[in-house]
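The structure appears below as C-alpha cells.
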Amino acid sequence: MKIGAIIICRYNSSRLPGKILKKINGKSILSHIIQRLQSLEDLQIIVATSIESTDQPIVEYCLENDLDYYRGSLYNVAERFKKAASTFDLDYAIRVNGDNLFIDLQAMKTMIEIAKTGEYDFISNVKNRTFPAGMSIEIVKHTFYERIFQNLDTDYYKEHVTIYLYENENCGEFYFHYNTKCPAAQGLKIAIDTKEDFQNAVEIVSKLKNGLEDYTLNEVVELIIQTDEK
C-alpha cells in the first residue's frame, strides 16, 4: 500500500504573501513541515502547488531540494489534490495544508496505521476540533476520492478539499480520530494565516524545548494558551 503526504501550498497568499517560504529558526515553513513528515517511515512527500507563475518560487525550492512536486489549478484545489495523488500512484493521500507548521506525529502515526487496514475511505482528526485548528490530519483513499470528485461541483467544494465529506458522512466508510489526552486543545488555533499568526508561531517555536525537531501536542497547546493570554 502506497501512502503519501500532499502538502497543498501557494506562494501568493493574500493575507500573508510568501508565507510558505518564510523562515523560522533559519528554515522555511515548508522545510519544517517536510522535515517533520520525513521522520515517518515509508511516507512519500509531494508538494502540490499551482501552475501560476506566482508559485514558481515553490517549484524552485522543490527543484533545489530534490523534492517531488505537482502543479495544478490554483483555484480548484480539490482537483490539484486528486491529480497529485493520481500522478504519484497513491493508494491513500494525506492532506497537509501549507499553513500547518505544527504536526502531531503521534496522531498521524495512529491514523496511518488505521488507513493501512484498508477498511476506511476517509480518516480525519478534524471533526469536533479536539485538536487545534492548524494541526489537521486528513487521509483519503484515492479511489474513493476519484469516485466522489464529480460531486465537488461548486467553487466552495473545489477550494475546500474535504468539506463535502463532512457534510455527507454517509457517502463512505469514515473514521474520526479524537484527542482524548489533552482536552485543553479543543477550540484552539495554530494555523498560520496572518502576520500575527506567524509572529505567534515564531514565539511558540522559540519556547519549545527542542524547537521544531521534537515536540508533543501537550507542549504546543500549553504555549498556544500562554500566547493567547497575552
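Taken together, the values in this text are just the output of simple stated rules run on the coordinates, not laboratory data. This is a predicted model, so every value here is computed, not measured. FYI the Cβ positions are ideal-geometry reconstructions off the backbone, even for glycines, and counts take in every protein chain you see.
Distance between the 7 Å Cα→Cβ label points at residue 39 and residue 74: 3.5 nm. Look at 28, 14, 136 and count the other Cβ atoms within 10 Å of each Cβ; fewest to most, that gives 14, 28, 136. Checked against a 21 Å cut-off, the cross-linked pairs 2/27; 82/158; 23/141; 83/158; 22/141 give Cα-Cα distances beyond that limit for 2/27; 23/141; 22/141.
Evaluate the Kirkwood expression for the hydrodynamic radius of the chain, namely the inverse of the mean inverse distance over all pairs of different C-alpha atoms, and round to one decimal in Å. Don't skip to the answer; put the middle values down first.
Details: mean 1/r = 0.0559 Å⁻¹.
Taking the inverse mean of 1/r over all distinct Cα pairs, the chain comes out at 17.9 Å.
With a cut-off of 17 Å on the backbone N, the residues of region 178-196 near the modelled label site 7 Å out from residue 228 along Cα-Cβ are 179-194, 196.
Write down the percent of antiparallel bridges among all DSSP beta bridges whose residues are both part of the chain, to the nearest 5.
Numbers: 10 of 30 bridges.
Antiparallel bridges make up about 35 percent of those DSSP assigns within the chain.
The mean sequence separation of alpha-carbon pairs under 8 Å and at least six residues apart, normalised by the residue count of region 1-75, gives a relative contact order of 34 percent.
Is region 180-230 best put as rounded, prolate or oblate by its Cα gyration tensor, with a ≥ b ≥ c the root eigenvalues, rounded for a/c under 1.5, and otherwise prolate when a/b is larger than b/c, oblate when not?
On the way: a/c = 1.77, a/b = 1.14, b/c = 1.55.
Note, shape of region 180-230 comes out oblate.
The calculated FRET efficiency for residue 56 paired with residue 147, based on their beta-carbon distance and R0 = 35 Å, is about 0.55. Legend: calculated FRET efficiency, residue 105 to residue 168, from the Cβ-Cβ distance at R0 = 35 Å, rounded to 0.05, equals 0.75. Which net charge results when you count Lys and Arg as +1 and Asp and Glu as -1 among the other residues whose beta-carbon is under 12 Å from that of residue 84? With Lys, Arg at +1 and Asp, Glu at -1, the net is +2. Residues with beta-carbon under 15 Å from that of residue 41, excluding residue 41: net charge, scoring Lys, Arg +1 and Asp, Glu -1? Value of the local net charge: +2. Highest mean packing first, where packing is the average number of other Cβ atoms within 10 Å per residue, the peptides 73-83, 196-206 line up as 73-83, 196-206.
In sequence order, region 142-154 has phi-based couplings of 4, 5, 5, 5, 4, 5, 8, 4, 4, 7, 8, 9, 10 Hz under the Karplus curve 6.51 cos²θ - 1.76 cosθ + 1.60, θ = phi - 60°, and Gly or Pro positions carry x.
In this structure, the amide hydrogen of residue 48, modeled 1.01 Å from its nitrogen in the peptide plane, lies closer than 5 angstrom to those of 7, 8, 9, 70, counting only residues at least 5 positions away or on a different chain.
Taking 0.36 nm per residue of separation and subtracting the Cα-Cα distance, full extension of the segment from residue 218 to residue 202 would add 4.0 nm. Counted residue by residue at 0.36 nm each, then reduced by the alpha carbon distance between them, the extension gain from residue 128 to residue 25 reaches 33.8 nm.
Rounded to the nearest Hz, the phi-derived 3J(HN,Hα) couplings of region 49-55 under the Karplus curve 6.51 cos²θ - 1.76 cosθ + 1.60 (θ = phi - 60°) are 10, 9, 7, 5, 4, 5, 9, where x marks glycine and proline.
Can you give the calculated 222 nm mean residue ellipticity of the chain, where each DSSP H run of n ≥ 4 adds -39,500 (n - 2.57) and the sum is split over every residue, rounded to the nearest 500 deg cm²/dmol?
On the way: 9 runs with 83 residues, N = 230.
Calculated from helices alone, the mean residue ellipticity at 222 nm is -10500 deg cm²/dmol.
Each other residue within a Cβ distance under 10 Å of residue 158 adds +1 if Lys or Arg and -1 if Asp or Glu, for a net charge of -3.
Using only alpha carbon pairs under 8 Å that are at least six residues apart, calculate the relative contact order of region 3-228 and give it in whole percent.
Working: 372 pairs, mean separation 46.5, N = 226.
The value is 21 percent.
Put in order of Cβ neighbour count within 10 Å, fewest first, the listed residues 182, 9, 171 become 171, 182, 9.
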